[in-house]
Structures are given as C-alpha cells and as structure tokens.
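*Asks:* Before I ask anything, here is the structure I am working with.
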Amino acid sequence: MSVNITYFVHGTTTDNEKDISSGWYDVELSDLGVRQSTELRDKIKDKKFDVVFCSDLKRATNSTRLAFEGLAPIIPDQRLRECNYGEYNAKPSEVVEPMCEKLLDERFPGGESYEDVKARISDFLDFLKANYDGKSVAIVAHKAPQLALDVLLKGKTWEQAFAEDWRKTRSWQPGWDYILN
C-alpha cells in the first residue's frame with residue numbers, strides 16, 4: 001500500500017509582499033493570501049482527503065482553515081515548518097534566498113540546515129506510513145518541506161530541487177502529488 005500525498009503551499013503573506021523570507025517568524029497572510037486560500041477550496045472541490053496536515057505556523061494554519069475546514073480533519077504539525085533561518089528569520093529575501101542553496105549541510109546561524117529540514121520531513125513521512133497507509137493526505141506548508149519531499153520521494157538532489165522549484169520556474173499549481181511507498 002501507499003500514502004497518496006497532495007502538497008499545497010500557504011497563501012501569500014505580508015512578508016512575501018515585502019520580499020522578506022519569514023522562516024520561523026510567524027507572519028500573517030496578506031489580503032491576497034486570504035483570497036488565494038479561499039479560492040483553493042473551489043479548485044480542490046473534486047479531491048477527497050482523509051486528513052489534512054499543516055505547519056503550525058499561522059500562515060499555514062490559516063491557509064488550511066480557509067481551504068479545508070469542514071472537508072477533513074486538520075492536524076497542525078511542527079515538523080512541517082519552514083526552514084529555521086535563525087538570525088536570518090524575517091530578513092530580506094535577497095540576502096536569505098542565496099544562502100538557502102549554500103547551507104544544505106551547514107546551519108543558518110542560530111537556525112537549521114536544509115538537511116535538518118529533510119530529517120524532520122523524513123520523520124514525518126515515517127509517521128504517515130505507520131498511521132495513514134492507504135490514505136489520501138493533504139499537506140499545507142512551506143518551501144523547504146516541499147523541496148525535502150522532492151529529494152526524499154522523487155529522488156532529486158538538493159541542487160535539482162532548487163533549480164526545478166516552481167517558484168523559480170513560475171509554475172504554481174493547485175497541489176503537487178507525491179506517493180509514499
């Protein structure tokens with residue numbers, strides 16, 4: 001059996017609109033992000049999920065509530081948080097983004113590395129396999145966990161995951177599918 005995962009990213013935040021990389025800084029959705037999350041509900045109306053997991057940061061929990069409330073149980077999980085940029089949480093994206101691709105094994109000062117994120121996501125996937133085998137699961141979270149899924153479940157290198165990231169290729173879609181065997 002397998003777990004069918006559909007991954008969604010949270011709506012646009014006030015930090016996104018100011019080109020700030022939030023990391024673990026707990027920022028609100030912008031008006032656009034609220035609209036995106038509400039519109040997502042209509043875009044996924046034909047999909048059925050047994051459970052929806054989301055990051056416990058409010059941009060993800062609010063997006064999840066707006067898109068999924070009443071459709072499936074919603075469970076926040078800290079393992080789905082964005083990368084902790086440490087001293088660089090809530091700093092300009094022009095500073096943080098280039099660092100992300102370089103700090104794969106090395107931690108952000110006072111934070112974590114992308115390998116740390118991968119370990120969190122691997123632990124979460126083990127939990128899913130043990131508890132939701134044969135189920136359809138939605139996840140609402142951030143960039144780093146999605147890239148970690150690309151590495152863990154699609155066999156990409158970190159370099160490939162970053163290069164092919166929808167944010168760079170401008171190829172957003174209402175959900176990305178993954179299979180956990």
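*Asks:* Which aspartates and glutamates, on any chain, are close to Lys43 with Cα under 16 Å apart, when same-chain ones fewer than 8 places away are left out?
*Replies:* Glu69, Asp177
*Asks:* Turning to a different aspect of this structure: Among Pro92, Ile74, Tyr114, flag the residue with its Cα farthest along the positive direction of the charge dipole of region 3-180, charges on Cβ as +1 for Lys/Arg and -1 for Asp/Glu.
*Replies:* Ile74
*Asks:* Moving on. Can you put Trp172, Trp158, Trp166 in order, fewest other beta carbons within 10 Å first? Mind showing how you got there, number by number?
*Replies:* Details: Trp172 10, Trp158 18, Trp166 13.
The most exposed by this proxy come first: Trp172, Trp166, Trp158.
*Asks:* Calculate the translational D of the chain in whole µm² s⁻¹ from Stokes-Einstein, where the hydrodynamic radius comes from the Kirkwood formula applied to all Cα pairs, the temperature is 37 °C and the viscosity 0.692 mPa s. Walk me through the numbers on the way to the answer.
*Replies:* Numbers: Rh = 16.3 Å.
D, rounded to a whole number, is 201 µm²/s.
*Asks:* Take every DSSP beta bridge whose two residues both sit in the chain, then give the antiparallel share in percent to the nearest 5. Before the final figure, lay out each step's value.
*Replies:* Details: 8 of 21 bridges.
Of all bridge pairs located within the chain, approximately 40 percent are antiparallel.
*Asks:* Over region 3-180, what is the relative contact order in percent, taking alpha-carbon pairs closer than 8 angstrom and at least six residues apart?
*Replies:* Values: 334 pairs, mean separation 58.1, N = 178.
Relative CO of region 3-180 lands at 33 percent.
*Asks:* Taking R0 as 22 Å, what FRET efficiency do you get between Glu87 and Thr157 from their Cβ-Cβ distance, rounded to the nearest 0.05?
*Replies:* Values: r = 27 Å, r/R0 = 1.23.
After rounding to 0.05, the efficiency reads 0.20.
*Asks:* Would you mind working out the magnitude of the charge dipole of the chain relative to its Cα centre, with +1 at each Lys and Arg C-beta and -1 at each Asp and Glu C-beta, to the nearest 20 Debye?
*Replies:* Working: 25 positive and 31 negative charges, 114 e Å.
Around 540 debye, computed over the chain.
*Asks:* Compute the length gained on full extension between Met99 and Asp133: take 0.36 nm times their separation in residues and subtract their Cα-Cα distance, giving the result in nm to one decimal. Walk me through the numbers before you get to the answer.
*Replies:* Numbers: separation 34, 0.36 × 34 = 12.24 nm, distance 3.62 nm.
Taking Met99 through Asp133 to full extension adds about 8.6 nm, to one decimal.
*Asks:* Among Lys102, Lys43, what is the fewest-to-most ranking by other Cβ atoms within 10 Å?
*Replies:* Numbers: Lys102 9, Lys43 14.
Exposure proxy ranking, most exposed first: Lys102, Lys43.
*Asks:* If the reach is capped at under 21 angstrom between alpha carbons, list the lysines near Lys118, excluding any in the same chain fewer than eight residues apart.
*Replies:* By straight Cα distance, Lys118 reaches Lys102, Lys129, Lys143, Lys154, Lys156, Lys168.
The numbers here are math on the coordinates, done by the rules we state, and not lab data. Worth saying up front: this structure is predicted, and the values here are computed from it rather than measured. All Cβ positions, glycine included, derive from the backbone under ideal geometry; neighbour counts span all protein chains shown.
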